Structure formats: structure tokens, C-alpha cells
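**Q** The structure is given below, and queries will be raised subsequently.
The values are calculated or read from the model by the stated rules, or taken from the named source; none is laboratory data. Everything quoted here is computed from the prediction, not taken from an experiment. Here Cβ is always computed from backbone atoms with ideal geometry, including for glycine, and neighbour counts include all displayed protein chains. Surface accessibility is based on the protein's heavy atoms, side chains included, excluding ligands, DNA and RNA. Shrake-Rupley method; radii C 1.70, N 1.55, O 1.52, S 1.80 Å.
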Amino acid sequence: MAGKVKWVTDIEKSVLINNFEKRGWIQVTENEDWNFYWMSVQTIRNVFSVETGYRLSDDQIVNHFPNHYELTRKDLMVKNIKRYRKELEKEGSPLAEKDENGKYLYLDFVPVTYMLPADYNLFVEEFRKSPSSTWIMKPCGKAQGKGIFLINKLSQIKKWSRDSKTSSFVSQSSKEAYVISLYINNPLLIGGRKFDLRLYVLVSTYRPLRCYMYKLGFCRFCTVKYTPSTSELDNMFVHLTNVAIQKHGDDYNHIHGGKWTVSNLRLYLESTRGKEVTSKLFDEIHWIIVQSLKAVAPVMNNDKHCFECYGYDIIIDDRLKPWLIEVNASPSLTSSTANDRILKYNLINDTLNIAVPNGEIPDCKWNKSPPKEVLGNYEILYDEELAQGDGADRELRSRPGQSLGPKGSRSRDSGRTVLTTWK
Amino acid sequence: MLQEESDLSLIIAHIVQKLKGSNLYAQLERQAWTSLQRPEIKLESLKEDIKEFFKISGWEKKLQNAVYSELSVFPLPSHPAAPPEHLKEPLVYMRKAQGSWEKRILKSLNSMCTELSIPLARKRPVGEQKELLNKWNEMGTDEPDLSLFRPVYAPKDFLEVLINLRNPNYENGDSLSFRTHLGLIQVPLKVKDIPELKEFFVELSLNTGQLGIDDSTQVPPELFENEHVRIGQKVLEEQDSAAAQQYIRQGSPTALRAELWTLILNISGQSEDILYYEQLKANVIQHDLLVDSLIYKDVKLTASNDDYYFVFEDYLYQVLLCFSRDTSVLGHFAYNSASPPKSYIRGKLGLEEYAVFYPPNGVIPFHGFSMYVAPLCFLYHEPSKLYQIFREMYVRFFFRLHSISSHPSGIVSLCLLFETLLQTYLPQLFYHLREIGAQPLRISFKWMVRAFSGYLATDQLLLLWDRILGYNSLEILAVLAAAVFAFRAVNLMEVTSLAAAEAVLADLSTLKVMPLLQIFLFATVT
């Protein structure tokens, strides 16, 4: 009896609802029997919290992992990556190799970050080493650029120092916790403007890790010319690329929304910088995404009812080195322009095709290996099973920048269609 | 035989004269003098030794490139007694039409000037100069009130003029027959037909590798792409303009394109050129021109709203404002049917001593002009280089797209070529569109005037412009326009109005240019 998939959502966005409707799925409420629930992050907290003891049945799928915040909260992400690096170092893995200054050669992709108020003293020590540096303060639990500000003097964050002395136990709610990161004040500029990359990554399972990268990511440009000048540290239009912020700027344009496709970026970089360095850059971007997922994989609750589509924010500096800024569990589904709407609609469409095979009532016991044809605009970024099948020593040979095998940037119709040059 | 010889010596004399005034000549002279120090240069065989030295040190190549550049750009004098107007445009009626069009444009500009009481040019007060200098890199954030400015003309105004062009010596008294030209252009110019185009564009044929087709993901790079890239690198090493022009007919690899175009356009990037650009910039700072506002308005209306080019808005101002003040551009009017508009110092109307060219470069921008520069921003991010490339592209190619002439790459010939191709090879479609009041040229004109900039995806546009450079001709624009119609013919046959036809052809951003051209030229039954 092939019934129709019953869906619920608490995010009222047309790109979602249109996709459900076009599959002929039936809308129900959360109290009824549902098969597919596109939740907001608040709801997922309730569903999997210890108190409610919610049990999902085999034919129910949700769009978040229970403890996604291990990756998507700024402080936990950094913590997990630091832990991952130390582990690799301990087991003597060549990936954890460091250079003469003690910087990781292959795993240095997150700017130096400290938790406040917990690491305040450590931070001060680091700050004093380079007192002219700029740091960026971000609240751990917020999004859309809210509450972010830049500092270049210790006095600007006095508040966190006072508090750390008074409490031995972090009594504030986690909402008031901040991370402070070294600000990348030499971003790659195009047309004199700062931009960042938004890439979508779908994870269907963490153990074994299987993730897909959406080919159609985009760049978000600031409307104002970039300047590292200290007088403009308060001008969020110069520094923060979030559309939620930029769209309030005087020069915001509703036709293009300040967005460029990743293929435009690629064309520009290849034309002005050359093919090798551009391919190396994109290889590195794929590398850091996979490493970040591997870092949280051991602590993730790999619930088989779950999949997740993350929004990765990456900044490229003027030496063409990519930096991972943060990962969003609930990337915005609002469309700022017509092209945007098309992109997000297709994103959800392809995501659903992979997560809910054939659009039929799901069975969470399936092997989560969709056939090549349904990937749409997704490409396999990393498939642990496939990688292991080809021999574990491959991992050691491959590093970002060394290409072996098929070209990394395009997926060829070889049997494996891996996105990267390495596994 | 004798005629050929005298033609050749005329050409040589002309080129020598042209190059004598150039920077390259001074450099060669300097090089020759310093080479006297070298041990291998002997007094007895001075001439041969210096020539040998030039060959080895690469200076001969530079000279070769310069000569080739002159040959490509400057039309050869057809007859020693031909007056200079013939070089601009041999046909009298065309010259007359261009002249009256220019009068109209200038009148429009002057009346806008009087209406708004803005002078054509004024010196900026010192404070304003300082401000502009500070804001040089972000002129896009300036919000001057441009609401009262209108573009001097738009492509469709120009089209109306072309439609009304008539050759007074040609009277087609025949009644309508299948030979009658169905299109809007009614002047008898010679245009190529498909067999001739196939010969002209032989490197685009089905059995020759192309970038834009044979570098797609399904084709293994060993088949064509790798070798093509290798050859491209070799061409760049040799620094040979002619070879580069031949090479680029099959498309340019993205990483090599910037350098290849520089080589083909023979841009040297010397410090003198950078200084020249800085001088132009100083002119912009010191004086404000009315055309500046027209440029601002154009950029704000077109490139600022474009998905691909909005990022480069500020570069466009930096290039176009300097361009307006560049008097070296006046040189191209020797072979352009257009003439630079003249204006008179206030109160001295009609007195030749007080006549100045306005704008200083003689080019009045129209709606969409900034789109000629925009795609170049993907290749060059250093302002003076970007500027030189654009200027050379303009005086070699783009000027032909908005002046009335009989040149095979002129817009009139392109329109006629487009219509003829369509009528000959898609007669049913042409007839249908004409019947519903949707003359195809009305839709395709704007594509050709802008060389498809802003209509195609940037990577496709660059592949198209590769071929413009490679063949030193704009005819490919007309062929592409016809190919687009052929591609969407099925949908177009079903429309019943001009608006619907426009809608079918509104979005070209997904088109792949090279397959369209190849199919139209080489795979259509003729």
C-alpha cells in the first residue's frame, strides 16, 4: 500500500511548500501521523530532548541531527575541530603535520578562536602578542549577523573579563556566551569589495560519513567598499556579508541582491590568477568541509531518522586561502531575488530527492545510497564507504593541492564521481 | 603586376610613416644605439649585425606585431588619389546619413544642456577635486541626481535611422517577388552567404576542436583541450601577435585569455601608458563634463543591475570617464565614417579657432555603452591595463556598431547579413514573424549593437569575443543572432505578437554560443 508521504513543517517558506506539493505529498499537523517533518532548530531540540522521550518510528524522517549544534554552534565547532586535531596529532597522523611555526599545515582552516568568558585569560595573552590585530566577537547562539562587533582594544570587551572573575561556574545561559576570533582583515576583494561564500552541504549519515556538495553555491558581496581602517570598524556594511544586514544598506540592489554564482567566481579567478591556483583553492574548500564533518562525526548522534542540509560560510583571504567561518543548521530559505528563489527551490528539490528516495514513504533503515541520477545539482563530496573500499592508505597520500586521479573540480562520469582529488 | 607593386610600396610607406611617430620607434632607436656597445656589432657589417641583434633579443618580434597591428586596423588606401573621406566611408549617401545622424545627436545633447542649464564642461572647484580624488575608487556610491538626464539616444532610435537608409542610385522598380528582401534594411550591400561564411570561419567547423564545445566535462581533456592549452602557452612565449590571432579562433583557455588579448591587441603595458592613464585621471579630477553624467546614468541603468557585472561598477567609471577625455581616440575617426562633434567656446559660435571637439574623445555615449567595458573587468583588474584594452577594442571594433557605414563589419552590413541569413535559410520563420509585426531585426538589433554583452553568460560572451579578435571581424555577431533564431524557431513559429516573440528571446543566458554557431554554419542543410 503505497500511501502518500505526509509532511509537516514549522517553516512557512514557499520553496519548501511548493516542493512538497509538487510531489503530491499531504500536509498534516505534528500531532498526526507524519512521515516527513521539516523542523526549525527549536523544534528539533524538543523532539530529541530527554524529557519528551519522543520516539521516531521507521517511516519518519526529520531534517536535523539531534545534536547538530556540535557543528553549528560557533564555540562547539571550534572545540570539536581543536579536539580532532589533537587526536590526529596524538596518533601521529601525517594530516596533523605542523610547520616550523607550530601551525598545522593541512588543518589550519579556522581562525584562532577563544570562548568567552571561559578562555578570557588565554585570549588576553594572545591579544598582547599582536596588539594591533582586530578581533571579531560573535554570540554563540545567534544568526544573521546579530550581535556581532569588531574590537581592537581590550577595553572594548571589559565586560567579559569582569564576569569571568566573579563566577567559577558559568552561570549565564549559553545565549550570552561569545566566541572571539582573529578577524581576517585581508579578505580577497573583488571590485574592492569583501565577499564570502555560501555553500550547501547535505549530510545523509555521519558514520559512515556520506556528504554531498551543492554545485550552485554563491558569493555574497558587501555593498560598501572594504577598508581595514580602524575608523570603519563599526560599519557593519563594510565587514559583514550577511544578506540580513546588507539589505538595509543604501546601495542594496534588489535585482542581483549582491550575489554572484560560484561559477562566476571561478571564471574571474581563473582569468586573473590562473587555473592551478584556482583549482587548488576549490580543492582546499572541499577539504576543509570534509575535515569539519569528520571532526564532529564521532560525537554526532548518527540517528538514522535524520539528514541535514548545512549552509557553510567560507571566506577567502588575499593569499587565496579559504577559512571556515561557520556552519549553519538552518540556512535561510528566504529568497532575496528571482534567481535566488529558483536556486533555493532547486536546492530543496534535490535535497528531498536524495533524502526521501522516489518521493515515497521513507524507511529509515535504507542504506542511504541514492543512485547517481537523483543527485541533481549535488555532487558526492565524500563517501566514507567508498573511500574505505579503495584502501585506507589513499587518505595519507592525498593532501590539498596535490592532484591525483581525475580532475577535482568537475565530476566525471567515471564510476566514482568523487568531487575531490582525494578521499 | 606593376599595380600590385605600387600598392605594396604605398602600404609600406604608410605603415612606416605611422610607426615612425610611435613609442616603439623611439625604443628601437634607443636599442640600436646601445647595441653598438656589444662586441658582436661590427662597423663593417653594421646593418646586418643590428638586424641580427634585434632578431635575437625579441625586438624584431615586437616590430612584427606592430606592423601586423597596423595592417589589421587601418584600411589600406585603395587609390592614391582617394580623398580622406573615402577612407572613412566610400559611399556618399552613407556619409550624408551619418552626418545628419550626428547633427541630431549633437542637437539633442545641446538641448539637454540648455534645458538643465548645465555647461558642457566646467572646471571643478578645488574642494570638489579633492573629494573626487578621495572617492576615486568608489564613485559608485556617489548619488548625484540623475533623474533629469536622459541617454542621448538608445539603440532603437539608431535602428530607425538605419531602416530609412536608401541608396539614391538604386531604384528597385520590380514588383514584389521571392527575391525581394523582406527585412528592414533596404540598402544593397554585399554580405556573405553561408558557403562564404563557412570558408571564412573554417576553424569553427565540425572537425576542428573548439573551446566552448570540446572542453566540456564529457570530453576527456586529452582529446583536444590539453594540447590546445599547450599551444597557447607556446604562442605566449613567442609573443607573436599573428600566431595568437590564428590560435584564438579556436577559443582561448580562461587562464591565458587576458594575456592573449593583450598580445593580439598589441598592448605593451609600458610605464608611458600608465602615466598617460594617470594624466587622463588628472583631467577627470580637474574638469567635469556633461557626458560624465550620461556615463553615470548609463552605468546605473545597465551594469549596476547586471548579475555578472555589478561587482565592477567602480571600474566602469574609472575607465569611461577617462575615455571621454582621451584625445588619442580622435585618431580612429580617420577610418570611422563618423566625425567627432564640434562645440564652440561660449560666445564664439561658428568661429573655427574656438572650436573644440566635444567630448574630447569625440564619442558621445549612448544607452548601454558601458556594457562594452563590463566583460573586460573579468580579465583585467589593473585600471590602466583595463583602460588600454578597452580603448583598443573600441577603436578596432566597437565603434563600427554605432556608426553608419558600408564596411562589412559595420552595423548596417551586420543587420543586412542577419536578415539575409534568416530569409534564405529560415524563410518560413521570417515570413511568419513579419506577418505578425515582429520583424526579427527589431529583436536582434540590440544584441548586435552591444556585441551581446549583458545578454549572454560571461563565459560564453568571452568565447564569442575570442572569435571577434581571431577573425578581426564582427560578422560573427550577425551569424550568432541568426543561429539564436534558428535555435528557438519552433517556439517562435507559435507566437502571434511582437511581445510574445520578445518573450521567447528574452533570456539568452543559458545559451552555449559555439554549438549554436557550429550547427548553424556547418550542420544545417543549405
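**Q** Return P(r) of chain A (all Cα-Cα pairs; 10 Å bins starting at 0; whole %; ordered from short to long distances).
**A** 4, 20, 31, 28, 14, 3, 0
**Q** Once phi is turned into θ = phi - 60°, what whole-Hz ³J(HN,Hα) does the Karplus curve with 6.51, -1.76 and 1.60 give for every residue of the range B:320-329, x standing for Gly and Pro?
**A** 6, 5, 5, 4, 4, 9, 8, 6, 5, 5
**Q** Next question, about the same structure. Averaged over its residues, how many other protein chain Cβ atoms are within 10 Å of peptide A:188-194's Cβ atoms? Mind showing how you got there, number by number?
**A** Numbers: counts 0, 2, 4, 13, 9, 7, 0.
For peptide A:188-194, the averaged partner shielding equals 5.
**Q** Which trypsin sites (Lys or Arg not before Pro) in the range B:26-104 pass both tests, a DSSP loop state and at most 12 other beta-carbon atoms within 10 Å?
**A** B:Lys42
**Q** Tell me, what are the semi-axes, in whole angstrom and largest first, of the equivalent ellipsoid of the protein assembly as shown as set by the roots of 5 times the Cα gyration tensor eigenvalues? All intermediate terms of the calculation are to be shown ahead of the outcome.
**A** Numbers: eigenvalues 613, 234, 178 Å².
Three semi-axes, in Å: 55, 34, 30.
**Q** Amide H to amide H, which residues 5 or more places from A:Lys98 or on other chains are under 5 Å from it, using H placed in the peptide plane?
**A** The answer is A:Leu105.
**Q** Considering only DSSP beta bridges where both residues belong to chain A, give the percentage that are antiparallel (nearest 5). If you can, show how the numbers build up before the last one.
**A** Working: 45 of 54 bridges.
Of the beta bridges lying entirely in chain A, close to 85 percent run antiparallel.
**Q** Identify all lysines with a Cα-Cα distance to B:Lys47 below 30 Å; exclude those on the same chain that are fewer than 8 residues away in sequence.
**A** B:Lys18, B:Lys20, B:Lys55, B:Lys61, B:Lys62
**Q** Taking a virtual spin label 7 Å from the Cα of B:Ser216 along the C-beta vector, which residues in the range B:505-526 bring their backbone nitrogen under 13 Å of it?
**A** B:511-519
**Q** Could you let me know the centre-to-centre spacing of the range B:146-165 and the range B:453-526, using Cα atoms, in angstrom?
**A** Going from one Cα centre to the other spans 24 Å.
**Q** Can you work out ³J(HN,Hα) from phi for every residue in the range A:105-118, in order, using Karplus 6.51 cos²θ - 1.76 cosθ + 1.60 and θ = phi - 60°, giving whole Hz and x for Gly and Pro?
**A** Computed from phi, the couplings for the range A:105-118 are 6, 10, 10, 9, 10, 10, x, 3, 9, 10, 8, 10, x, 4 Hz.
**Q** Under 5 Å between amide H atoms, partner at least 5 residues away or on a different chain: which partners does A:Phe149 have, H built in plane at 1.01 Å?
**A** Amide H neighbours of A:Phe149, under 5 Å, 5+ apart: A:Met137.
**Q** Scan the range A:204-264 for trypsin sites (Lys or Arg not before Pro) in coil per DSSP, keeping those whose Cβ has at most 16 other Cβ atoms within 10 Å, and list them by number. Mind dumping the intermediate values first?
**A** On the way: sites: A:Arg210, A:Lys215, A:Arg220, A:Lys225, A:Lys247, A:Lys259; in loops: A:Lys215, A:Lys225, A:Lys247.
Taking the range A:204-264 and a limit of 16 other Cβ atoms within 10 Å, the loop trypsin sites (Lys or Arg not before Pro) found are A:Lys247.
**Q** What translational diffusion coefficient, in µm²/s and rounded to a whole number, does the Stokes-Einstein relation yield for chain B at 10 °C and a viscosity of 1.306 mPa s, taking the hydrodynamic radius as the Kirkwood radius over Cα pairs? Each step should come with its number before you reach the end.
**A** On the way: Rh = 25.2 Å.
D, rounded to a whole number, is 63 µm²/s.
**Q** Summing both sides, how much accessible area is buried between A and B? Use a 1.4 Å probe and give Å² to the nearest 100. Before the final figure, lay out the partial values.
**A** Working: alone 20100 and 25570 Å², together 43310 Å².
Chains A and B together bury roughly 2400 Å² of accessible area.
**Q** When ligands, DNA and RNA are left out and all protein chains stay put, how many square angstrom of accessible area per residue does the protein assembly as shown have with a 1.4 Å probe?
**A** 46 Å²
**Q** Right, next: Counting only residues 5 or more places away or on other chains, whose amide H sits under 5 Å from the amide H of A:Thr205 once H atoms are built in the peptide plane?
**A** A:Arg210
**Q** For the range A:50-90, state which GluC sites (Glu not before Pro) are in a DSSP loop and have at most 16 other beta carbons lying within 10 Å of their beta carbon. It would help to have the intermediate numbers written out before the result.
**A** Values: sites: A:Glu51, A:Glu70, A:Glu87, A:Glu89; in loops: A:Glu51.
Taking the range A:50-90 and a limit of 16 other Cβ atoms within 10 Å, the loop GluC sites (Glu not before Pro) found are A:Glu51.
**Q** Next question, about the same structure. Could you work out the longest stretch of chain B that avoids the GluC sites (Glu not before Pro) located in DSSP loops with at most 11 other Cβ atoms within 10 Å? The partial results should precede the final answer.
**A** Details: sites that count: B:Glu40, B:Glu44, B:Glu171, B:Glu222, B:Glu494.
The longest uninterrupted stretch comes out as B:223-493.
**Q** What is the ratio of the Cα radius of gyration of the range B:1-77 to 2.2 N^0.38 Å, with N the residue count, to two decimals? Walk me through the intermediate numbers first.
**A** On the way: Rg = 14.8 Å, N = 77, 2.2 N^0.38 = 11.5 Å.
That works out to 1.29 for the range B:1-77.
**Q** Here is a further query. Rounded to whole Å, give me the distance from the Cα center of the range B:25-101 to that of the range A:353-382.
**A** If you average the Cα positions of each part, the centres end up 65 Å apart.
**Q** Taking B:Lys190 as the anchor, which lysines have their alpha carbon closer than 23 Å to its alpha carbon, excluding any fewer than eight residues away along the same chain?
**A** Candidates past the 8-residue exclusion: B:Lys88, B:Lys96, B:Lys198, B:Lys446.
**Q** A follow-up question, please. Let me know the mean shielding of A:252-260 by other chains, meaning the per-residue number of their Cβ atoms within 10 Å of its Cβ.
**A** Working: counts 0, 5, 1, 5, 8, 2, 2, 2, 4.
Averaged over the peptide's residues, the number is 3.
**Q** For n ≥ 4 DSSP H runs only, could you compute -39500 (n - 2.57) per run for the protein assembly as shown, divide by its residues and tell me the 222 nm figure to the nearest 500?
**A** On the way: 37 runs with 409 residues, N = 949.
Mean residue ellipticity, 222 nm, calculated: -13000 deg cm²/dmol.
**Q** If you don't mind, another one. Shielding by partners for B:256-269, please: the mean number of other protein chain Cβ atoms within 10 Å of each residue's Cβ.
**A** Working: counts 4, 4, 3, 0, 0, 0, 0, 0, 0, 0, 0, 0, 0, 0.
Average neighbour count from other chains, rounded to a whole number: 1.
**Q** How large is ³J(HN,Hα), in whole Hz, for each residue of the range A:190-200 in order, when computed from phi with the Karplus curve 6.51 cos²θ - 1.76 cosθ + 1.60 and θ = phi - 60°, using x for Gly and Pro?
**A** In residue order, the calculated couplings are 10, x, x, 10, 7, 8, 10, 9, 10, 10, 9 Hz.
**Q** In this model, which of B:Lys103/B:Lys297; A:Lys159/A:Lys225; A:Lys146/A:Lys225; A:Lys4/A:Lys365; A:Lys4/A:Lys142 are farther than 25 Å apart at the alpha-carbon? Intermediate values should be presented prior to the final figure.
**A** On the way: B:Lys103/B:Lys297 22 Å; A:Lys159/A:Lys225 31 Å; A:Lys146/A:Lys225 21 Å; A:Lys4/A:Lys365 19 Å; A:Lys4/A:Lys142 37 Å.
Over 25 Å apart, Cα to Cα: A:Lys159/A:Lys225; A:Lys4/A:Lys142.
**Q** Just the number, please: percent antiparallel of the DSSP beta bridges in the protein assembly as shown, rounded to the nearest 5. Don't jump to the answer; show the numbers that get you there.
**A** Details: 51 of 60 bridges.
Roughly 85 percent of the beta bridges in the protein assembly as shown run antiparallel, per DSSP.
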